[in-house]
Amino acid sequence: MWYYVLVMNKKQKSTLNKIFEKPERSDIPWKDIEALIIALGGEISRGQGSRVRIFLNGTRAVFHRPHPKRITAKGAVKSVRRFLREAKVRE
């Protein structure tokens with residue numbers, strides 16, 4: 001069963017579409033991904049260092065916030081896409 005997202009603003013929908021684009025984009029700010037996760041009903045907690053724990057629809061993941069730049073790398077975008085699919089979210 002897939003969860004369809006009905007209540008998102010325009011920027012969050014755009015971020016979701018960017019995450020599911022292929023090839024992976026390298027211009028998505030990490031703060032936009034965090035805002036999307038929260039809009040989807042997810043929970044974000046800080047871990048040690050740059051780690052971020054995310055819980056969404058019964059699925060858990062740990063990511064590293066990008067630094068010093070705030071733009072998400074292609075590999076991380078691919079991991080976020082996989083996480084969203086596991087959490088039953090799609091565009």
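The values are calculated or read from the model by the stated rules, or taken from the named source; none is laboratory data. Just so you know, these numbers come straight off a predicted model, no measurement behind them. In this analysis, Cβ positions are derived from the backbone assuming ideal geometry, glycine residues included, and neighbour counts consider all displayed protein chains.
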Inset, instruction - Output the residues belonging to the range 50-74 that are in contact (Cβ under 8 Å) with a residue 12 or more places away in the chain and not in a strand (DSSP E or B). - result: S50, N57, G58, R65, P66, H67, R70, A73, K74
Legend entry - the range 77-91 - residue that is assigned to a helix (DSSP H, G or I) and in contact (Cβ under 8 Å) with a residue 40 or more places away in the chain and, of those, surrounded by the most Cβ atoms within 10 Å (Cβ to Cβ): L84
Inset, instruction - Determine which single condition R25 fails, assuming it passes every other condition in (1) modelled with pLDDT under 95; (2) in a helix (DSSP H, G or I); (3) among the charged types (D, E, K, R); (4) touching a helix residue (DSSP H, G or I) at 6+ places or on another chain (Cβ under 6 Å). - result: (2)
Inset, instruction - Consider P29 carefully, then state whether it is of a type outside the set (K, R), touching a residue at least 40 places away in the same chain (Cβ under 8 Å), loosely packed, with under 14 Cβ neighbours inside 10 Å and over 17 Å from K88 (Cα atoms). - result: no
